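Below: the structure, in structure tokens.
The values are calculated or read from the model by the stated rules, or taken from the named source; none is laboratory data. For clarity, every value in this text was computed on a predicted model and none was experimentally measured. Quick reminder, even Gly has a Cβ in these numbers, built from the backbone with ideal geometry, and neighbours come from all protein chains shown.
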């Protein structure tokens, strides 16, 4: 659910890691804004041999006419491995730019955990997160994967075909829709001085939001590495939104409307392909 490191929970030494990610489009649970939003994200992290880690990152929105720092993120957690079980517990704090158009832009942070079991022929995992936004969301992820590795330990390649399903409650979408509605109305009606909007999702309970197929490819050397993860997301169960908005005009008159504000992209769900390229060094 949050940024994951290339760190190995079975590492016998502590180290720092610096990386740069390029994300081709900000897709979240199969959802995306109408405009493509790529990110360039430098990160610095420290990984203790006990499994404790912390990291900080800053995401630069690299789309045309969107050149800005879109968010800062702080992460802390603990990786563990016990026989065939592995996983982590983690906490995150995120600071989004008020101008962000990302689907996740209302999220302020969260806490979570995941665990996986290695059956040798495949690995199965599940994660759960409590996400703090305008309200509190609960999210789950289930996944199966199989890792193929080759090469010496200090120059190892791996490829890991992965299938996943993401479930979440839907309050995160209320905040995103509020931002979107306000910006759209100000563009249409320049006489609007301010807008107070309140968006609700009539059925905000935990919902299957998408299926994802990914194919992470990594090369991990002693002091550096590179990873490429293409992902194909299939969104499920469109999210309906209703917004009540009060407008203040230049002449100080006010009026209130209530409308179905479900974005066209949500009414007509489409599959998404996106990818992340990461280069990192350890020291």
For residue 109: the one exception among (1) more than 22 Å from residue 180 (Cβ to Cβ); (2) modelled with pLDDT of 95 or more: (1)
Residue match in the stretch 198-207 (condition: assigned to a loop (DSSP other than H, G, I, E, B), within 22 Å of the chain's Cα centre (by Cα) and within 30 Å of residue 44 (Cβ to Cβ)): no
Members of the stretch 75-93 found to be in contact (Cβ under 8 Å) with a residue 24 or more places away in the chain and not in a strand (DSSP E or B), listed by number: 84
Qualifying residues in the stretch 253-264 (those that are exposed (fewer than 15 other Cβ atoms within 10 Å of the Cβ) and in contact (Cβ under 8 Å) with a residue 12 or more places away in the chain) - the one nearest to the chain's Cα centre (by Cα): 264
Qualifying position, being loosely packed, with under 14 Cβ neighbours inside 10 Å, at pLDDT 90 or above and either more than 30 Å from residue 141 (Cα to Cα) or under 28 Å from the mean Cα position of the chain (by Cα) (or both), among 238, 223, 250: 223
Near pairs, Cβ below 6 angstrom, 6+ apart or cross-chain, from the stretch 56-74 (in contact (Cβ under 8 Å) with a residue 40 or more places away in the chain and on the phi > 0 side of the Ramachandran plot) to any residue that is surrounded by 13 or more Cβ atoms within 10 Å (Cβ to Cβ) and assigned to a strand (DSSP E or B): none
Some residue of the stretch 197-204 being surrounded by 15 or more Cβ atoms within 10 Å (Cβ to Cβ), modelled with pLDDT of 85 or more and under 24 Å from residue 271 (Cα atoms): yes
Wholly enclosed strands (runs of 3 or more DSSP E) of the stretch 222-273 bearing at least 1 residues closer than 15 Å to residue 199 by Cα and in contact with a strand residue (DSSP E or B) (Cβ under 7 Å, 6 or more places away or on another chain): 242-249, 254-260
Yes/no for residue 99 being surrounded by fewer than 14 Cβ atoms within 10 Å (Cβ to Cβ), in contact with a strand residue (DSSP E or B) (Cβ under 7 Å, 6 or more places away or on another chain) and at pLDDT below 95: yes
